[in-house]
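Heads up: the structure comes next, in structure tokens.
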Amino acid sequence: MTLVENGLGQRAVPIYFASFHVPLELYNDDAANRGAFSRMSDAQNADVESSFVYHFTDKNYGREVFYVSSPDELHTASIAGAILQGFGVEHRIAPKTAH
């Protein structure tokens, strides 16, 4: 996705995003939840780029879904990784491949 700064066509700003889920039983674990949100805050504050994190419960599948986005690919990956690491979810962030 690309946004245009100030809506005036002055500068195109790419938006990188990650979307993933965490099983509800992990999300409901108080210690893991506090740890994940603490790590998420640290990762968000570690960079000057703005970022957005949205989460909601998918009751049909019993999972907590996260959406993370920012204009910096590494910042987005670091926030997503911090959340998953906080919940103890093994993950691997694949390097970007050339098109």
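The values are calculated or read from the model by the stated rules, or taken from the named source; none is laboratory data. Keep in mind the model is a prediction, meaning the values are calculated, not measured. Cβ atoms come from the backbone with ideal geometry, glycine included; neighbour counts cover every protein chain shown. Keep in mind that these areas ignore ligands, DNA and RNA; they rest on the heavy atoms of the full protein, side chains included. Shrake-Rupley method; radii C 1.70, N 1.55, O 1.52, S 1.80 Å.
Could you tell me how many of the residues in segment 51-72 are on the phi < 0 side of the Ramachandran plot, out of contact with any Asp or Glu (no Cβ under 7 Å at 6 or more places or on another chain) and exposed (fewer than 15 other Cβ atoms within 10 Å of the Cβ)?
The number of residues fulfilling the criteria is 8.
Can you go through Val48, Val89, Val65 and tell me which one is among the aliphatic types (A, V, I, L, M) and in contact (Cβ under 8 Å) with a residue 60 or more places away in the chain?
Sole residue among the options that is among the aliphatic types (A, V, I, L, M) and in contact (Cβ under 8 Å) with a residue 60 or more places away in the chain: Val89.
State the number of residues belonging to segment 73-90 that are surrounded by 12 or more Cβ atoms within 10 Å (Cβ to Cβ) and in a loop (DSSP other than H, G, I, E, B).
3
The conditions are (1) open to solvent by less than 80 Å² (accessible area, probe 1.4 Å); (2) at pLDDT below 85; (3) hydrophobic (A, V, I, L, M, F, W, C), and Ala18 fails exactly one of them. Which is it?
(2)
In segment 22-43, what count of residues is obtained for those that are open to solvent by less than 80 Å² (accessible area, probe 1.4 Å) and either among the charged types (D, E, K, R) or in contact with a strand residue (DSSP E or B) (Cβ under 7 Å, 6 or more places away or on another chain) (or both)?
Summing the residues that are open to solvent by less than 80 Å² (accessible area, probe 1.4 Å) and either among the charged types (D, E, K, R) or in contact with a strand residue (DSSP E or B) (Cβ under 7 Å, 6 or more places away or on another chain) (or both) in segment 22-43 gives 6.
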